[in-house]
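Worksheet: the structure to be examined is printed underneath.
Each value in this text was obtained by applying a stated rule to the coordinates, not by laboratory testing. The structure presented is a predicted model; accordingly, all values stated were derived computationally and were not measured. Because the Cβ atoms are built from the backbone with ideal geometry, glycine has one as well, and the counts that use them run over all protein chains shown.
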């Protein structure tokens with residue numbers, strides 16, 4: 001099965017999962033074999049020739065964009081051969097299952113630097129030899145981020161693709177080909193403005209258009225009897241066209257595939273209508289199809305926006321499952337073995353229609369009985385949950401499903417009927433259990449619970465950190481855990497060290513190489529060897545030197561983009577993530593205001609200089625998050641222009657946060673802000689990226705912060721605030737934020753400054769909704785955690801004033817991050833979720 005395949009290196013070669021030679025015990029004994037050295041030299045020659053050919057066709061003299069496109073085309077040409085070989089090998093994989101990872105988003109970022117690294121070719125050398133008028137840095141910077149994702153959910157999926165390839169795992173990622181991403185963020189008068197993210201304006205050299213791969217996808221219509229079965233007759237017919245995005249492995253010739261779908265209308269153009277001048281009427285069906293390709297996460301504040309989201313989710317699921325089945329039947333011709341040979345993994349609830357669609361395909365198109373089809377579904381499907389907040393669990397109105405997907409609603413009803421019969425038999429003393437676990441929420445507007453559908457259909461359901469997984473079965477899914485206690489498990493998230501240390505921070509990577517060797521590049525656990533050297537003077541000085549260089553690079557970027565000068569010697573205090581109330585950027589703001597007021601009140605005191613850096617997008621319809629963004633900008637305007645503060649405190653917001661911006665910020669960060677209310681953050685992966693690059697964490701006992709503290713030592717983090725049990729208890733007893741305002745005069749001064757218009761001159765009521773939420777509801781308990789947060793920030797200041805002690809702690813953070821590699825995470829998915837038991841039976 002899959003585990004055995006990983007152990008033998010994917011194709012039975014003598015090269016392990018990362019392209020390194022192995023001794024008899026499976027341990028790495030060399031960094032690179034002579035064969036790989038020769039291969040690297042050969043690849044470099046081929047790349048230089050192809051780059052020269054591509055460049056000659058594009059621009060004379062070369063520009064940065066022309067150089068980037070030429071280099072990307074050259075890399076893709078070489079990687080396409082590896083891609084074809086990988087597909088051929090995977091088709092002959094024997095008993096190993098192929099993994100299919102369904103996700104609405106894949107936050108890939110730029111691909112060129114990653115391709116050069118995977119090909120083991122120095123970008124600078126190729127560019128210098130073939131395009132003297134272009135710098136490698138300018139060429140790399142000219143590539144747009146692939147706007148196929150938004151936040152941690154999508155970045156996790158991208159890290160998994162990297163690990164799939166590097167580990168040699170037979171796999172496909174499945175997503176949508178969004179033409180305009182979610183949106184590009186602009187700031188006007190402190191407010192977020194959304195504009196299209198036209199990331200493919202220069203073309204996308206990384207994708208392979210698969211014109212021969214397309215599938216029909218229907219919407220609406222009616223369900224009719226068809227002999228002894230049912231037949232869906234859709235009213236709208238679309239065609240899904242495939243585009244393959246190449247994701248190379250490192251230290252191996254394996255390549256992952258991200259297959260993206262683009263929608264087109266299946267209806268032919270009515271040429272007569274068009275020629276009579278009725279262009280709009282003849283083009284309506286095409287525009288409806290095109291709308292599925294435009295943006296990730298359409299604004300769901302309107303019915304039309306919600307319908308578009310549902311259409312996108314079904315389009316992804318249907319096209320992907322048809323593709324999986326077609327590939328399976330080409331390889332085996334026996335549809336009944338689909339579940340044993342294929343894992344279908346749902347990354348959150350967006351693809352949760354997959355069980356219903358797979359049942360439809362097996363019942364209506366392949367003529368299987370219900371029991372046989374359900375057995376296939378239960379063998380194949382697994383689900384990762386990413387949230388503990390009930391309001392974030394996706395549901396769809398029954399009426400909307402009836403209108404758009406009538407056959408699927410029938411199937412969901414049947415699944416629910418059979419499931420609830422089992423529940424009533426198993427829990428006869430708890431008649432309310434059936435109502436609580438039903439796939440249909442009957443309170444108010446009848447809605448289908450997508451997380452419930454995913455759980456009922458899945459072999460395994462996992463959370464993404466130890467705390468999240470524990471709370472998942474204790475709270476939102478407690479009833480399902482009572483029914484199937486063995487179905488739920490934890491697999492803590494991870495990140496790819498290729499992107500987030502080797503590529504993002506090559507200077508630190510080189511320092512680590514010098515002191516502990518290069519083994520860590522292929523086995524991140526080897527970083528543990530740094531712990532014993534963390535106090536060494538030479539290592540500390542080298543670390544500080546790389547840190548200062550990274551901070552200067554970020555300072556230069558801020559000066560170019562914002563016209564603001566910041567001091568690289570100041571503490572870079574960073575919070576970069578999706579803007580959401582539970583992530584509590586506002587708590588950070590409250591501390592900055594407190595600090596500002598304290599500096600003004602006592603300017604003669606010693607103040608550790610800080611540059612507080614924010615970045616992140618708020619969802620277009622999320623007004624509360626947008627208010628937080630605006631108060632950050634208004635605060636920055638006041639603080640940065642106050643001569644009494646000077647360089648002791650600066651506030652920076654960098655717009656249009658994405659992977660490439662993160663790659664600049666994270667290596668330069670001194671302090672990583674992870675402020676979620678305890679019990680609300682599923683895991684986090686930004687916390688891992690910061691610590692891997694030597695930033696210290698100030699954070700709550702939440703998500704993966706806990707496991708990071710256990711790995712590096714809680715004494716090497718700054719932990720503050722309530723624990724999850726405290727939060728629950730306080731809410732049960734009746735939480736009153738006003739009590740904290742009455743008891744903490746510093747907190748009251750901060751809130752009064754906001755409500756009094758100090759940061760909104762001429763518009764004192766601008767933030768009355770924000771203040772009202774804080775003082776009357778405070779859902780995420782900022783008031784309760786404020787004092788602990790401020791006091792802990794005082795400890796941060798004291799340590800930063802001791803550079804040697806700070807550096808030693810930072811190096812201990814790096815040393816403890818080995819287990820947070822995505823490679824470890826994927827191996828655990830293989831061992832615990834994607835590999836069937838030996839008898840091929842699904843979980844009960």
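Quick notes on this structure:
- Kirkwood Rh and Cα Rg combined as Rg/Rh, region 148-265: 1.10
- Legend: ranking of residues 446, 98 from fewest to most surrounding C-beta atoms inside 10 Å; resulting order 446, 98.
- Global form of region 304-441, assessed from the alpha-carbon gyration tensor, a/c cut-off 1.5: oblate
- The gain in end-to-end length when the residue 426 to residue 642 segment is fully stretched comes to 71.0 nm, 0.36 nm per residue minus the alpha carbon separation.
- Of the beta bridges in the chain, as assigned by DSSP with both residues counted there, near 50 percent are antiparallel.
- Computed E for residue 710/residue 475 - FRET, C-beta separation, R0 22 angstrom, nearest 0.05: 0.45
- Cα centroid separation, region 294-334 to region 708-765 (Å): 41 Å
- Neighbour counting of Cβ atoms within 10 Å sorts the residues 92, 450, fewest neighbours leading, into 92, 450.
- Computed E for residue 211/residue 559 - FRET, C-beta separation, R0 45 angstrom, nearest 0.05: 0.45
- Value in Å of the Kirkwood radius, where region 628-679 supplies the Cα pairs that are averaged: 13.3 Å
- Normalised radius of gyration (Cα atoms, divided by 2.2 N^0.38 Å) for region 699-751: 1.46.
- Over the chain: helical MRE at 222 nm, DSSP H runs n ≥ 4 each giving -39500 (n - 2.57), nearest 500: -14000 deg cm²/dmol
- Relative contact order computed over region 466-547 (Cα-Cα under 8 Å; 6+ residues apart), in percent: 21 percent
- The relative contact order of the chain, computed from alpha carbon pairs under 8 Å that lie at least 6 residues apart in sequence, is 13 percent.
- Label point at residue 399 placed 7 Å out along Cα→Cβ; residues across region 434-461 whose backbone nitrogen lies under 18 Å: 440-449
- FRET E, pair residue 129, residue 326, Förster distance 45 Å, beta-carbon r, rounded to 0.05: 0.55
- Theoretical gain in end-to-end length, residue 749 to residue 536 [0.36 nm per residue, Cα-Cα removed]: 72.2 nm
- Taking each residue as 0.36 nm, the span from residue 56 to residue 389 lengthens on full extension beyond its C-alpha to C-alpha distance by 114.4 nm.
- Size of the chain as Cα extents on the principal axes (Å, biggest first): 88, 68, 67
- Rounded, prolate or oblate (a/c below 1.5 giving rounded, otherwise prolate when a/b exceeds b/c) for region 707-844 by Cα gyration tensor: oblate
- Residue order, fewest to most surrounding Cβ atoms within 10 angstrom, among 379, 371: 371, 379
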